[in-house]
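The values are calculated or read from the model by the stated rules, or taken from the named source; none is laboratory data. Remember, it's a predicted structure, so these values are computed and weren't measured experimentally. Cβ placement follows ideal geometry from the backbone for every residue including glycine, while neighbour counts extend to all protein chains displayed. Note: accessible area is taken over every heavy atom of the protein model, side chains too, but ligands, DNA and RNA are not part of it. Shrake-Rupley method; radii C 1.70, N 1.55, O 1.52, S 1.80 Å.
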Amino acid sequence: MAGIKLKGIHDVTLPERIAIGPDLISSANSYIKSLVTTGSVLLVHGKHSYLPLISVVAGINFVELQIDKPPTLGDLLQASEQLASREKISAVLAIGGGSIIDSGKLLSSRIGVPCISMPTTLSHDGIASPRASLYSSLGPSSIAAKVPRAVFVDLRVAAQSPHRFVAAGFGDTIAKKTAVLDWRLASEKGLEEFGDYSAALAGLSADHVLGATDRIATGEESGLRVLAEALVSSGIAMAIAGSSRPASGSEHLFAHALQLLAPNKALHGEACGVGTIMMGKLHGLDWEALRYSLKLVGAPVNAKELHVSGIDVIRSLTIAHKINNRYTILGNGLSFEEAERLARITKVLD
Ligand SMILES: [Zn+2]
């Protein structure tokens, strides 16, 4: 397990192979063949998005698990038990968007085999992280999972996905600006240990994409490469920290709360981006510059563009601190009036 701290020992597991670039199918195919000498690969995928990468399993025994809508933790636990009793699974290959990669990581942890992550979009930083964002009976939660053994980000495939996903990935990455400040705040309160190295790495991911805003906005390959590297680095920062702390703060709590109150209206990274504008204001950051960068890449910057109501934004701000017991700038929570004022000052509400 990644990043477990025991009696002063900081034990970190990282991916052994990270490849980012165009046309990675044959190198991924060779890698999987070298990894899986007996048994089958469990290919976890969505409806269609995996098709450009399907030849990655050429000449390899595989069983398929198609996931059409984000599964709950219970769904995946059941699937892992059934699959493990029926087939000899030697590795899990997850090809798809956020919930597919998260499902692959969780299944690989449960079955006890390596996971190979092949994202088809750049919408989130779970592509190389040891966490899976899933729904359980308690609502949205981030669950410890295996860090992927290998990550192959095929930029040609990512470039074919709708620009909305790229803009969401940008939002999930600039979120590290406030996440790291929240972590420091919790450590200053004596509530948590602060990891300088992992915090710096997460902050670097955000600075890198902010420095490449123009190229990410136009969707050119060099911009997508910066975004992919930043998303991977953020996942590595989580693996080093042994928690999602460097990558997820009050802006993520807002995004999780919004997903609870207005399910599946905004993408995770889109809500995180808007959360970063508001939490940036609370932290005293230049929130207008963050807002401008989001606008430039075509990411939502207000309730209307998130396809949610103003009241959902305000209510999400008031309940965000209760999503988990992580201390952030939200402290004991915002009142309705404070939340409304924050949303209006930052132009999230008209
Ligand atoms: Zn995120």
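Would it be correct to say that Tyr197 is touching a residue at least 12 places away in the same chain (Cβ under 8 Å), within 16 Å of the ligand (Cβ to nearest atom) and open to solvent by 60 Å² or more (accessible area, probe 1.4 Å)? No, not satisfied.
Any residue in the range 161-176 that is modelled with pLDDT under 95, open to solvent by 40 Å² or more (accessible area, probe 1.4 Å), more than 16 Å from the ligand (Cβ to nearest atom) and in contact with a helix residue (DSSP H, G or I) (Cβ under 9 Å, 6 or more places away or on another chain)? No: the range 161-176 contains no residue that is modelled with pLDDT under 95, open to solvent by 40 Å² or more (accessible area, probe 1.4 Å), more than 16 Å from the ligand (Cβ to nearest atom) and in contact with a helix residue (DSSP H, G or I) (Cβ under 9 Å, 6 or more places away or on another chain). With respect to Pro300, determine if the residue is farther than 20 Å from Asp207 by Cβ and in a loop (DSSP other than H, G, I, E, B). Spelling it out, Pro300 is indeed farther than 20 Å from Asp207 by Cβ and in a loop (DSSP other than H, G, I, E, B). Kindly evaluate Ile95 against the criterion of being β-branched (Val, Ile, Thr) and away from the ligand (no atom under 14 Å from the Cβ). Against the criterion (β-branched (Val, Ile, Thr) and away from the ligand (no atom under 14 Å from the Cβ)), Ile95 qualifies.
Exactly one residue among Lys295, Lys281 is over 23 Å from Ala158 (Cβ atoms), open to solvent by 10 Å² or more (accessible area, probe 1.4 Å) and away from the ligand (no atom under 14 Å from the Cβ), and that residue is Lys281.
In the range 142-160, the residue that is nearest to Glu305 (Cα to Cα) out of those that are of a type outside the set (Val, Ile, Thr) and open to solvent by less than 40 Å² (accessible area, probe 1.4 Å) is Ala158.
Here is a yes/no grid of residues against (1) touching a residue at least 12 places away in the same chain (Cβ under 8 Å); (2) in contact with a Pro (Cβ under 9 Å, 6 or more places away or on another chain):
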| site | (1), (2) |
| --- | --- |
| Ile32 | yes, no |
| Thr38 | yes, no |
| Pro52 | yes, no |
| Gly74 | yes, no |
| Gln82 | no, no |
| Ala94 | yes, yes |
| Gly98 | yes, yes |
| Pro119 | yes, no |
| Leu122 | yes, no |
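When we screen Glu220, Glu188, Glu251 for residues that are away from the ligand (no atom under 15 Å from the Cβ) and either at pLDDT 95 or above or surrounded by 19 or more Cβ atoms within 10 Å (Cβ to Cβ) (or both), the only hit is Glu188. Checking each residue in the range 242-265 for being more than 18 Å from Ala206 (Cα to Cα) and either over 14 Å from the mean Cα position of the chain (by Cα) or not assigned by TED's automatic domain parsing to the domain that holds Pro300 (or both) picks out Gly242, Phe254, Ala257, Leu258, Gln259, Leu260, Leu261, Ala262, Pro263, Asn264, Lys265. From the list Ala84, Ala58, Ala28, the one residue that fits, being open to solvent by less than 50 Å² (accessible area, probe 1.4 Å), of a type in the set (Gly, Ala, Ser) and in contact with a helix residue (DSSP H, G or I) (Cβ under 7 Å, 6 or more places away or on another chain), is Ala28.
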